[in-house]
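Reading through the structure tokens given below for one structure.
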């Protein structure tokens with residue numbers, strides 16, 4: 001399936017000079033959405049994944065149905081102040097300043113095999129921060145799944161050494 005044909009380009013969003021890759025058009029297409037979930041299911045079905053971790057917010061869209069398909073639990077990684085119980089937090093660098101991600105301290109038991117899913121790998125900051133959030137949980141990071149990778153931003157270099165699956169490269 002040609003996923004690029006289902007992803008809309010929005011110039012100058014969210015600011016001038018940025019070309020935004022909009023996946024809402026992919027989500028609207030039942031065959032495209034099914035293809036994404038089926039591909040990731042196939043890619044990780046032999047990895048004994050216990051939990052799929054979805055990064056806020058578009059990682060939730062793909063992570064929950066993927067967890068269902070893999071017979072795994074789903075764990076959200078959220079922006080600050082969104083999770084109600086005790087959390088582990090990890091700061092990461094943005095183009096201008098820093099941000100923070102959080103995960104519940106009881107998100108998954110030690111030794112769990114975890115897959116991290118998000119829509120986009122750009123600079124790698126959020127994905128690397130999410131991997132660091134798994135350290136105090138003593139989980140095994142099985143890999144990452146991304147719909148899109150912006151290869152020119154070299155985000156993959158920030159990720160730990162594990163399986164990284166990307167469906168579309170720009």
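The values are calculated or read from the model by the stated rules, or taken from the named source; none is laboratory data. Note that the structure is predicted; figures quoted are calculated from it, not measured. All Cβ positions, even for glycine, are placed from backbone atoms using ideal geometry, and neighbour counts span all protein chains on display.
Taking the conditions exactly as written (touching a residue at least 40 places away in the same chain (Cβ under 8 Å) and farther than 24 Å from residue 156 by Cβ), does residue 64 satisfy them or not? The answer is no for residue 64. Would the stretch 8-20 turn up any residue that is touching a residue at least 24 places away in the same chain (Cβ under 8 Å) and surrounded by 12 or more Cβ atoms within 10 Å (Cβ to Cβ)? Among the residues of the stretch 8-20, not one is touching a residue at least 24 places away in the same chain (Cβ under 8 Å) and surrounded by 12 or more Cβ atoms within 10 Å (Cβ to Cβ), which makes the answer no.
The helices (runs of 4 or more DSSP H) found entirely in the stretch 14-116 that carry 1 or more residues being more than 24 Å from residue 169 (Cα to Cα) and modelled with pLDDT of 95 or more are 58-70. With respect to (1) within 21 Å of residue 162 (Cα to Cα); (2) surrounded by 17 or more Cβ atoms within 10 Å (Cβ to Cβ); (3) more than 11 Å from the chain's Cα centre (by Cα), the lone exception for residue 87 is condition (1). Within the stretch 5-34, the residues that satisfy the criterion of being in contact with a helix residue (DSSP H, G or I) (Cβ under 7 Å, 6 or more places away or on another chain) and under 23 Å from residue 74 (Cα atoms) are 23, 26, 27, 32, 33. Do we have any residue at all in the stretch 124-135 that's outside any strand (DSSP E or B), without any contact (Cβ under 8 Å) to a residue 60 or more places away in the chain and within 17 Å of residue 47 (Cβ to Cβ)? Among the residues of the stretch 124-135, at least one is outside any strand (DSSP E or B), without any contact (Cβ under 8 Å) to a residue 60 or more places away in the chain and within 17 Å of residue 47 (Cβ to Cβ), which makes the answer yes. The set of residues in the stretch 54-72 that are in contact with a strand residue (DSSP E or B) (Cβ under 7 Å, 6 or more places away or on another chain) and within 24 Å of residue 23 (Cα to Cα) comprises 54, 55, 56, 58, 59, 60, 62, 63, 64, 66, 67, 70. Quick check: is even one residue across the stretch 144-165 surrounded by fewer than 20 Cβ atoms within 10 Å (Cβ to Cβ), in a helix (DSSP H, G or I) and within 13 Å of the chain's Cα centre (by Cα)? Yes, because at least one residue in the stretch 144-165 is surrounded by fewer than 20 Cβ atoms within 10 Å (Cβ to Cβ), in a helix (DSSP H, G or I) and within 13 Å of the chain's Cα centre (by Cα).
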